[in-house]
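First the structure, which I've put down as structure tokens, then a few questions once you've had a look.
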Ligand code: SF4
């Protein structure tokens, strides 16, 4: 899967270390969503830094049993109903239909869900059979996010993706025939050796599938991945910066012309088809987590379940956690800027003013906003502060100054 909000780094400097159970006991969050991490993959792609692996030990049934126990532990802490679910990974559709059905059935009965709740499951094209599509539909899944990444066989090979472009078309057909309401297509650009012509063709082929939502991510070279390590040694060259910028603009143009709204730096949707679960991340709301390596958030408290299946299976019903942090006021403000500025509409001026009045860094942040406005990375619309078109490509530089 491409990078997503689960991969956003924590503003460490402003955090105070606490334990998850102690912190939740002090008053949990107002949970509005749930993230479930399924760590299994058919093959480990060399660019991927998500916790995922090929399981040679047949632990999928044990995983589902353990996940159901974790949901039961959460249940008394969730007041009210949840509005979004995101089952990611890994490749959730690697589970057998019966296992996937059991996992989703447990989620349905463990929590109360808003009427019209969004239920998203990530899928890889080669794993979507008619049986899997029917299982998703029967469980109430409303949205499937498909890791297509590219339609160019040689670029799929460069990414170490083992599916062929025809399997994406087939998988989307199975999903539509089963009655899945919304389909997202994930694409990766700036793959080494890729050309602008190939990228335009990727966009054209993605649009031909008539998706409801498209995500376009520039390839990242994470230091803990084989690709990142080869990149650091100079054995793999990134795409030239001008090409990466041109590819981002090509996505804006092609998707805009097809009626898609660009609503977040890497995300486009048809009207009314935004990913409501990811919006919850960008608005800094609270979500609970199930599964190894899943990261959660509750009223300024952030944590990550241990990223080791064996450790997670061995303990329970609560997941063993690491990186548990309660952000102080400055940390929460920094996080709100980091997430909120990812939205193309930006952050309403009154919210910005309220944030600047909190914590101890209001003056420093005000100066940073003035500096980035002067340099053209930030702009003020009548209603909001937002990244400029140029600023969207340098979002992390701006965010670091506002942390
Ligand atoms: S399929 Fe997705 S989650 Fe699995 S290894 Fe590849 S990129 Fe990572």
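The values are calculated or read from the model by the stated rules, or taken from the named source; none is laboratory data. Source: prediction; values computed, not measured. Cβ coordinates were reconstructed from backbone atoms using ideal geometry, including for glycine residues, and neighbour counts include every protein chain displayed.
Look through the range 104-157, keep the residues that are more than 16 Å from the ligand (Cβ to nearest atom) and touching a residue at least 60 places away in the same chain (Cβ under 8 Å), and return whichever of them is surrounded by the most Cβ atoms within 10 Å (Cβ to Cβ).
In this case the residue turns out to be 143.
Give the number of residues within the range 78-97 that are more than 16 Å from the ligand (Cβ to nearest atom), outside any loop (DSSP other than H, G, I, E, B) and either within 17 Å of residue 175 (Cα to Cα) or in contact with a helix residue (DSSP H, G or I) (Cβ under 8 Å, 6 or more places away or on another chain) (or both).
Number satisfying all stated conditions: 4.
Which of the residues spanning the range 310-341 are modelled with pLDDT of 90 or more, closer than 17 Å to residue 35 by Cβ and either surrounded by fewer than 21 Cβ atoms within 10 Å (Cβ to Cβ) or out of contact with any strand residue (DSSP E or B) (no Cβ under 8 Å at 6 or more places or on another chain) (or both)?
Hit for the range 310-341 is 339, nothing else.
Can you confirm whether residue 203 is within 16 Å of the ligand (Cβ to nearest atom) and not in a loop (DSSP other than H, G, I, E, B)?
No, not satisfied.
Condition (residue is touching a strand residue (DSSP E or B) at 6+ places or on another chain (Cβ under 7 Å) and within 17 Å of residue 265 (Cα to Cα)) applied to the range 359-375: is it met by at least one residue?
No, because not a single residue in the range 359-375 is touching a strand residue (DSSP E or B) at 6+ places or on another chain (Cβ under 7 Å) and within 17 Å of residue 265 (Cα to Cα).
Whether any residue in the range 215-229 is modelled with pLDDT of 95 or more and over 27 Å from residue 127 (Cβ atoms) is what I want to check.
Yes.
Follow-up. Could you check residue 22 against (1) under 30 Å from residue 156 (Cβ atoms); (2) modelled with pLDDT under 95; (3) in a helix (DSSP H, G or I) and say which number it fails?
Residue 22 satisfies all of (1) under 30 Å from residue 156 (Cβ atoms); (2) modelled with pLDDT under 95; (3) in a helix (DSSP H, G or I) except (1).
So, one more: Inside the range 361-378, can you point out the residues that are surrounded by 16 or more Cβ atoms within 10 Å (Cβ to Cβ) and out of contact with any helix residue (DSSP H, G or I) (no Cβ under 7 Å at 6 or more places or on another chain)?
If the condition is that a residue be surrounded by 16 or more Cβ atoms within 10 Å (Cβ to Cβ) and out of contact with any helix residue (DSSP H, G or I) (no Cβ under 7 Å at 6 or more places or on another chain), then 369 is the only one that fits.
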